[in-house]
Amino acid sequence: MAQPVIIDCDPGIDDAIAILLALASPELDVLALTTVAGNVPLASTTANGLRVLDLVGRADLPLAAGAGRPLIHVPQDDSSTTHGETGLDGAGLPAASRGPAAEHAVDLIARLALARPGEVTLVAVGPLTNVALLAAVRPEAFAALRSVLVMGGAANGGNMSPYAEFNVWFDPEAAERVLQTGQDVTLVGLDVTRQAILTAADIDALALLPVIGPPVAGMLRHYMRKHVDWYGEEIVYQHDSLAVAQLIDPTLLTLRHCHVLVDTGLGPARGATLVDRLGVYGGTPNARWAEAVDVERFRALLLQRLAALAASL
Ligand code: RIB
Ligand code: CA
């Protein structure tokens, strides 16, 4: 029985690959996409989500837009350079064939969660603003979710500061509120996603796939140029795809149930995730923290599923 999922995202190049992976995988039944401001403004993340769905003939899937800004503080950030001005630079995708659903992302998630209590997993691969709003405004629907799977956090080095990972850093108050809900939350952070890489050779192979090859290779090559600038390596981190892959194959990651706090202060450590693996704080475990990943099985799964998706189009 395919697992029903909703993907809340901020496409974003790695979000786009994660969406394709989810749509390519029979283990998952993607019910809807919802979008949030993050990598690029909400209008762009929304248009990009719709464009990715058009690419693979899934304009039937509902997509609703959510929060256009974080809960409290708007960060000074220009991460659009990471994903380009469009948020999917290099993809060369045409304009979306439609607009988003009339309802807000929170209402769409709530409606779908309440229709299938205890069954739907919310996969959040952007800032957690929509997820926190759902918990606050529609708590009965939030509680009806099976679980929340998040790409977010860092225990050994951030990407927006020495301590903060982008999704948490963009809206730390939202992340902290989600972690305080008592819901079953899994955090797939940079400690494992920085091992989940694609290489230039992988991208060259992906480029040959029908239909999705050119846009996928184009945006990954854009993303890789950024990785070369930052790290001097011809690799591309697959942050969001790894979170989706964990749903497809729950043996990919090694998880530790522990207490995780978020620094919501306005100081230099804002957005840091304090992963209390040794229970020093004595707090009740509130998240499953991803500590290790089987990199080669992840890579094989991602490449195989993208090829299968292309062949099905
Ligand atoms: O830190 C990585 C995360 O931030 C990914 O979800 C990427 O898409 C950006 O949103
Ligand atoms: Ca993302």
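The values are calculated or read from the model by the stated rules, or taken from the named source; none is laboratory data. Bear in mind that the values here come from a model prediction, so they are computed numbers and not experimental data. Every residue, glycine among them, receives a Cβ derived from its backbone with ideal geometry; neighbour counts consider all protein chains shown. In case anyone asks, the SASA skips ligands and DNA or RNA and just uses the protein heavy atoms, side chains included. Shrake-Rupley method; radii C 1.70, N 1.55, O 1.52, S 1.80 Å.
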TODO: Can you give me the number of residues within segment 8-39 that are more than 10 Å from ligand 2 (Cβ to nearest atom), assigned to a strand (DSSP E or B), open to solvent by less than 10 Å² (accessible area, probe 1.4 Å) and hydrophobic (A, V, I, L, M, F, W, C)?
DONE: 2
- [ ] Looking only at segment 141-154, decide whether some residue is touching a residue at least 40 places away in the same chain (Cβ under 8 Å), out of contact with any strand residue (DSSP E or B) (no Cβ under 7 Å at 6 or more places or on another chain), part of a helix (DSSP H, G or I) and surrounded by fewer than 20 Cβ atoms within 10 Å (Cβ to Cβ).
- [x] yes
TODO: Give A201, A243 a once-over and let me know the one that is open to solvent by less than 50 Å² (accessible area, probe 1.4 Å) and either β-branched (V, I, T) or assigned to a helix (DSSP H, G or I) (or both).
DONE: A243
- [ ] Specify which of the listed residues (A110, A96) is of a type in the set (A, V, I, L, M, F, W, C), in contact (Cβ under 8 Å) with a residue 24 or more places away in the chain and open to solvent by 20 Å² or more (accessible area, probe 1.4 Å).
- [x] A96
Open item on the list: Can you pull out every residue in segment 165-189 that is assigned to a helix (DSSP H, G or I) and crowded, with 24+ Cβ neighbours inside 10 Å?
Closed with: F166, N167, V168, W169, F170, P172, A174, A175, V178, L179
Task: Failed item, numbered, when L42 is tested on (1) crowded, with 20+ Cβ neighbours inside 10 Å; (2) more than 14 Å from ligand 1 (Cβ to nearest atom) - done: (2)
- [ ] Answer with yes or no whether N130 is more than 12 Å from ligand 1 (Cβ to nearest atom), in a helix (DSSP H, G or I) and under 13 Å from the mean Cα position of the chain (by Cα).
- [x] yes
